[in-house]
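Here the structure is laid out as C-alpha cells; the discussion comes afterwards.
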Amino acid sequence: MSAAALLRGPGSLLPRAGSGCWCRRFWAASGETAAAAAASPGSGARSPFDRQLKRKQKNWAALQPEPAKYDYLREEVGGRVADRVFDITRTFPLALDVGCGSGYIAQYLNKETVEKLFQVDMAENALKNTMETEIPTVSVVADEEFLPFKEDTFDLVVSSLSLHWVNDLPRAFREIHQVLKPDGVFIGAMFGGETLYELRCSLQLAELEREGGFSPHVSPFTHVSDLGHLLGGAGFNTLTVDTDEIQVNYPGMFEIMEDLKGKYIFHKQNVGMGESNCSWNRKPILHRETMLAAAAIYQEMYGSNDGSVPATFQIYYMIGWKFQESQARPAQRGSATVSFGDLAKINALISRKK
C-alpha cells in the first residue's frame, strides 16, 4: 500500500530535497477540522494555547544555526521512549511519531523493531532537519490535533514532549486510538505538572513584589491523576502510567530561559527549544527589574553551593493498548477457585515440611 493511500482528505506527497523520504503538506485534514482550528478563541479553558504561534515558535527554533544545542532534553526523553518500544518483543510493520520534531525517537529505533515510520509535526522546518535513521520514513506536515490518517492504520504510535501543547488532549488521545490497529500500542511522554516549578515560583514572587500581581509565564500542564482517566476515556486498555524527574543545572535563571525560549530579553530572534509560552492569556513582556528580582529569588531559594541553579522537568510516560479479542483479559470478579486463606495454609504446610 502506498503512503498516500493511508492519508485521508486532499493533498499530495512531495519529495524532500536531499533524502529518499517524502513529505506531505497537510495542515487541515478536512473542512471540519480546518474550521475547528480557525475557531480557536482568544481565551478560554477549552483552547488555552495559540497553535499558530506555537507553529511559528517551532519553525523559528528549527532554523537556528545550532538547533542541536538545545535538544539535550528532547533527545534524553526520546531515548527513554524508544527503550519502552524495545521492551515490547515484537516487530511493528508501520509506526507513527506524533509531534516528532527532528526525530528524537526515530534516531534510537532500528529496522528490526520498526519497519516503516511516519513522522508528523506541525512545523515544516523541523521535518526538513530530521536526524538520520536506518528506518524508511515518510514526513507529514500536519497539526497534531487533527491526525490525517485512516482508521486502523498503525501498529505503533509514539509521541515525545509534544502533547503538552495540545488544546484538546482527550480528542488527541481519541485520534491516536482511532489510527491504531486493534492490538496496537501507544507509547508517549509529556511534561508533567511539576515541570519548572522553581521558575514559576520565582517569577510569581518577583511580580508580586515589583508589580503587585502576577501572570502565567509557564504553560499549564496535565496532572498524572488525570492521565489514566483521559487514556481510558479514549478507549485504551492495559494502561501503564509512570513519572520521572530530570533535573538540569544551569549557571542562572537567564540561561534556563534562553534554552527554553531564546534571548528574548535582549530582543534577539533565537527561540531555543521552541518552548516559549503560547497561552492566550500570557503576559507579552516581563519588565527588566522584575526579571532581575526573579533571578535573585531563584538563586536564593534554589541555588547550589557552586552557584548553579536547578531546573526540574517532570516527565509522564504512558502506555496504552487498543483492544483486540485475542488480548489477555483479567478474570471476572468472583471467578477464583482458591482463596487467599487457603494459600496461607499451603504456605504453612510447606514451611512445616521444610
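The values are calculated or read from the model by the stated rules, or taken from the named source; none is laboratory data. What you are looking at is a predicted structure, and each value in this text was computed from that prediction instead of being measured. Here Cβ is always computed from backbone atoms with ideal geometry, including for glycine, and neighbour counts include all displayed protein chains. Each accessible area value is taken on the protein alone, full model and side chains, heavy atoms only, with ligands, DNA and RNA left out. Shrake-Rupley method; radii C 1.70, N 1.55, O 1.52, S 1.80 Å.
Summary table
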quantity	calculated
Any chance Ile246 is under 25 Å from Val120 (Cα atoms), β-branched (Val, Ile, Thr) and within 18 Å of the chain's Cα centre (by Cα)	no
Residue in region 79-93 that is of a type in the set (A, V, I, L, M, F, W, C) and either closer than 24 Å to Thr312 by Cβ or in contact with a Pro (Cβ under 7 Å, 6 or more places away or on another chain) (or both) present	yes
Filter result for the condition that a residue is out of contact with any Asp or Glu (no Cβ under 6 Å at 6 or more places or on another chain), at pLDDT 90 or above and open to solvent by 50 Å² or more (accessible area, probe 1.4 Å), over Ala336, Ala344, Ala331, Ala296	Ala296
Qualifying residues in region 186-223 (those that are among the aromatic types (Phe, Trp, Tyr) and under 30 Å from Phe236 (Cβ atoms)) - the one modelled with the lowest pLDDT	Phe221
In region 86-99, residue most open to solvent (accessible area, probe 1.4 Å) [restricted to those that are of a type in the set (Val, Ile, Thr) and free of Cβ contacts under 8 Å to residues at least 40 places away in the same chain]	Thr89
Counted residues, region 139-188 - those being among the acidic types (Asp, Glu) and in contact (Cβ under 8 Å) with a residue 40 or more places away in the chain	6
Cβ-Cβ under 6 Å pairs, at least 6 apart or on other chains, region 301-313 side under 14 Å from Leu260 (Cβ atoms), far side hydrophobic (A, V, I, L, M, F, W, C) and in a helix (DSSP H, G or I)	Ala311/Ile256
Number of positions in region 74-98 that are within 23 Å of Glu145 (Cβ to Cβ) and not small (Gly, Ala, Ser)	7
Matching residues, region 100-149, being open to solvent by 10 Å² or more (accessible area, probe 1.4 Å) and within 21 Å of Pro170 (Cβ to Cβ)	Glu145, Phe146
Near pairs, Cβ below 9 angstrom, 6+ apart or cross-chain, from region 51-63 (farther than 18 Å from Leu163 by Cβ) to any residue that is assigned to a helix (DSSP H, G or I) and not hydrophobic (A, V, I, L, M, F, W, C)	Asn59/Glu124; Asn59/Asn125; Trp60/Asn125; Ala62/Glu124; Ala62/Asn125; Ala62/Lys128; Leu63/Asn125
Whichever residue in region 173-193 is assigned to a strand (DSSP E or B), of a type outside the set (A, V, I, L, M) and open to solvent by less than 20 Å² (accessible area, probe 1.4 Å) and, among such residues, is nearest to Thr91 (Cα to Cα)	Gly184
